[in-house]
Amino acid sequence: MVDTSADNPSHENEDKLMANGVHSSDELSEEESEELFTQMESQLTDKEVLHMTDVLQCLQLSDTRGLRRLATTGDGFIDDNLRRQIWPKVAKVSVVETSPRPSPQTIESHAFYNQVVMDVNRSLSRFPPSIEATHRISMQDSLIRLIMRVLIKNPELHYFQGYHDICVTFLMVLGEEMAFYVVNQLSKTHFRVFMEKTMDKTADLMDIIAIVVREESPSLGQHMDRSQVGTIFALSWVITWFSHVLPTYEDVTRLFDFFLVSHSLMPLYFTVALVLRKEHHILDADCDMPSIHQLLTLVPETEELPIESLIGTALELMDRHPPQDMIRAQQKEKKERLMLAKRAKNRALFGSVFDFRYLFHTFTRFQFMSITVLVVFCATFYQIYWNV
Amino acid sequence: MDKTYDYLFKLLLIGDSGVGKTCILFRLTEDAFSTTSISTIGIDFKVRTIELDGKKIKLQIWDTAGQERCRVIPTAYYRGATGVMLVYDVTNDKSFANINNWIRDIEEHASSDVETMILGNKSDVNDRRQVSRETGQQLATEYGIKFMETSAKASVNVEEAFFALAKDIKTKTDKQLASHPHSTRNTLFPYTPNAHHCCGKQGCK
């Protein structure tokens, strides 16, 4: 269950951050880290203690590379107290650049404001049930401000439904002010493609899931292709970093540790890891879109996932099928698909014109063309053989 | 697959974000209303089996994100659909004005013989109403399609609307079957295009 004291920056926490300026969270003194360590040590296993010692050491040395490595093993950054220190570092946040909060008028007149409010109002299930209604409402207000501030600062970014799920996670861990800097930064890198004017490119990237599945398991790939399930079952997984579908807060933050330090396409590889894990179930299911779509969408919502082992698989998959190769493969496939569709369309049209059966049909738009073709053909034939 | 039904109809719920598509679906399939509903991302479906004229009809109802730019791959969503519920919110005139755009969307992507119906949802909220019943009815009449006001919250007309749509589809299907007795394409079994190489479990292994 969610520990509200740790997971939700209380007002004091947020105020402290704001009062000290965002720089305060960059440094973790030796005393502070020792205090944190003693606080948590009693709740951890030996292995976790070792992992945490490593995390704290990297944090003190500001060893970002070490931190990035630790995000992929053990339990990632373990605890929200640590995440508050680490996430801004690994997200390479620039806090030198200050950014004032926009006025309520600017916020409310923004094109995406209504959509944002609508989605935030429907995000109740993302807040721990134990928090008081007044506190939750004030956090929802913070969430709206946070999202709008990023959108106003970056007019080239377009809001998508699911962005609010991402932002609420950062808000709960980091507090409004630091969440803004981190989300602002990630929206220009990891979430950038989802925030383009259209989501066409996102749809293209989703195809990579099918390509990797096919390469890893041809029989599974074939089964899924035949079912025409596509990849839309994973859309909410990928564009929200699984935060829209995972019921456990701890799993969401653990995955955020991983995705934060990874290539922006890592959620696709994690999806493949999940699909491969369900290979036998999928092969046993009826080969139609609804059956397989439903089977897969229910997995993260209803099953306890072995997150660490899936992370391991996702890393291996990315090693074996590098993102650049997959992007190229996807573009090639798309080109071929479009060409085939165009050829089929042309063939249908061409075939209709030369199909003399249309001569005997009741009037169709091809009848006239078929007659014309027949007349021209006869005329040419006549000219060549009978005309002297 | 167990064939415990006589007909399978694929229906779609479309309309602006926040008009109550997911709540209508929840009311129809679970007979409940949730105040903590969440935004739909991607697509999802639920099933409800009804009985009409002694025949079992399995309604497979698909729900999708309302925000326009989140509707990735609309052709996949519309494929094989025999009916569309086009929903607006009676307390939001923008969602009503957008009905025209949604109709165009249906014309562009759905099969030409798809049955459509317009629903004005949230009819229980009278103090914030922006679209009158008459205005809704008038637009539906202009397009020559059926119309009903519904309330997923107060459970008004939700079941009736789906029964009405299913009845129209059934009548159309029966007529098609009578004139082309061997053609069961689309309406009866929306996924039959694959059937020749993919006939259930065994065929795909």
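The values are calculated or read from the model by the stated rules, or taken from the named source; none is laboratory data. Since the structure is predicted, the reported quantities are computational estimates derived from the model, not experimental observations. Here Cβ is always computed from backbone atoms with ideal geometry, including for glycine, and neighbour counts include all displayed protein chains. For the accessible areas, the whole protein counts, side chains as well, though only heavy atoms, and no ligand, DNA or RNA atoms are used. Shrake-Rupley method; radii C 1.70, N 1.55, O 1.52, S 1.80 Å.
Counting pairs of alpha carbon atoms under 8 Å apart in space and at least six apart in sequence, what relative contact order in percent does chain B give? List each step's numbers first, then the result.
On the way: 345 pairs, mean separation 48.5, N = 205.
Averaging sequence separation for qualifying contacts and normalising by length gives 24 percent for chain B.
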Computed over the stretch A:133-189, the Cα gyration tensor eigenvalues, each multiplied by 5 and square-rooted, give semi-axes in Å (largest first) of 19, 11, 10
Only Lys, Arg, Asp and Glu count, each charged at its Cβ (+1, +1, -1, -1), so figure out the dipole size of the protein assembly as shown about its Cα centre, rounded to 20 debye.
3500 debye
Amide H of B:Asp89 versus every other amide H placed in the peptide plane: which residues, excluding those fewer than 5 positions away on the same chain, fall under 5 Å?
B:Ser95, B:Phe96, B:Asn121
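In Å², rounded to the nearest 100, what is the total accessible surface buried by chains A and B against each other with a 1.4 Å probe? Mind dumping the intermediate values first?
Working: alone 20590 and 11340 Å², together 28690 Å².
Using a 1.4 Å probe, the pair buries roughly 3200 Å².
May I have the convex hull volume per residue, in Å³, for the Cα set of the stretch A:204-330?
It is 94 Å³ per residue.
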State the answer as a single residue: which of A:Ala210, A:Thr72, A:Leu296 lies farthest towards the positive end of the charge dipole of the protein assembly as shown, with beta carbon charges of +1 for Lys and Arg and -1 for Asp and Glu, about the Cα centre.
A:Ala210
Give the cross-link partners of A:Lys197 among the aspartates and glutamates, using a straight C-alpha distance below 15 Å as the criterion and excluding same-chain residues fewer than 8 apart.
A:Glu156, B:Glu68
Going by alpha carbons, how many degrees (0 to 90, nearest 10) lie between the helix axis of A:307-320 and the longest principal axis of chain A?
50 degrees
Note, B:Pro74: beta-carbon cut-off 11 Å, +1 each Lys/Arg, -1 each Asp/Glu, net -1
As a test of the formula, what do you get for chain B when each DSSP H run with n ≥ 4 contributes -39,500 (n - 2.57) and the sum is divided by the residue count, at 222 nm and rounded to the nearest 500 deg cm²/dmol?
-10000 deg cm²/dmol
To the nearest 10 degrees, the tilt of helix B:21-30 (Cα long axis) against the first principal axis of the alpha carbons of chain B is 60 degrees
Where does the stretch A:68-210 land on Rg(C-alpha)/(2.2 N^0.38 Å)?
1.09
Once the whole set of protein chains is in place, how much accessible area is left on A:Cys378, using a 1.4 Å probe, in Å² to the nearest 10?
70 Å²
Have a look at A:Gln85, A:Trp386, A:Met266 and report the one farthest towards the positive end of the charge dipole of chain A, computed about the Cα centre with Cβ charges (Lys/Arg +1, Asp/Glu -1).
A:Trp386
What lysines could a cross-link reach from B:Lys172, if we take a straight Cα to Cα line under 22 Å and drop same-chain neighbours fewer than 8 places away?
B:Lys3, B:Lys10, B:Lys55, B:Lys56, B:Lys58, B:Lys146
What percent do you get for the relative contact order of the stretch A:24-90 when only Cα pairs under 8 Å and 6+ apart count?
39 percent
Potential lengthening between A:Asp251 and A:Glu196 on full extension [0.36 nm per residue; Cα-Cα distance subtracted]:
17.0 nm
Heavy-atom accessible area of B:Ile50, protein chains in place, probe 1.4 angstrom, given in Å² to nearest 10, is 10 Å²
What accessible area, in Å² to the nearest ten, does a 1.4 Å probe give for A:Glu308?
70 Å²
Where trypsin sites (Lys or Arg not before Pro) fall in DSSP loop in the stretch A:142-211, at most 16 other Cβ within 10 Å
A:Lys188, A:Lys197
Per-residue mean of other chain beta-carbon atoms within 10 angstrom of the beta-carbon, peptide A:283-293?
6
Heavy-atom accessible surface of the protein assembly as shown: percent carbon and sulfur, 1.4 Å
53 percent
Along each of its three principal axes, how wide is the spread of alpha-carbon positions in the protein assembly as shown, in whole angstrom units, largest first?
104, 65, 50
With only alpha-carbon pairs counted, each pair once and no self-pairs, how large is the Kirkwood hydrodynamic radius of the stretch B:67-143 in angstroms?
13.4 Å
Per residue, how much accessible surface does the protein assembly as shown expose to a 1.4 Å probe? Answer in Å², no decimals.
48 Å²
As a test of the formula, what do you get for chain A when each DSSP H run with n ≥ 4 contributes -39,500 (n - 2.57) and the sum is divided by the residue count, at 222 nm and rounded to the nearest 500 deg cm²/dmol?
-21500 deg cm²/dmol
Looking only at other chains, what is the average number of their beta-carbon atoms within 10 angstrom of each beta-carbon in A:295-302?
1
So which cysteines of chain A have no other cysteine's Cβ under 4.7 Å from theirs?
A:Cys58, A:Cys167, A:Cys378
Based on alpha-carbon atoms only, what is the radius of gyration of chain B relative to the globular estimate 2.2 N^0.38 Å?
1.03
Shielding by partners for A:232-244, please: the mean number of other protein chain Cβ atoms within 10 Å of each residue's Cβ.
3
Could you grab the relative contact order for chain A? Cα pairs under 8 Å, six or more apart, rounded to a whole percent.
16 percent
Between the stretch A:201-228 and the stretch A:68-132, how far is it from one alpha carbon centroid to the other, in angstrom?
32 Å
Long-range alpha-carbon pairs in the stretch A:24-90, meaning those over 20 Å apart, account in percent for 16 percent
Taking only Cα atoms, what is the 0 to 90° angle, nearest 10, from helix A:163-174's long axis to the longest principal axis of chain A?
20 degrees
Sorted list, accessible surface of protein heavy atoms, 1.4 Å probe, largest first, for A:Ile311, A:Ile371 is A:Ile371, A:Ile311
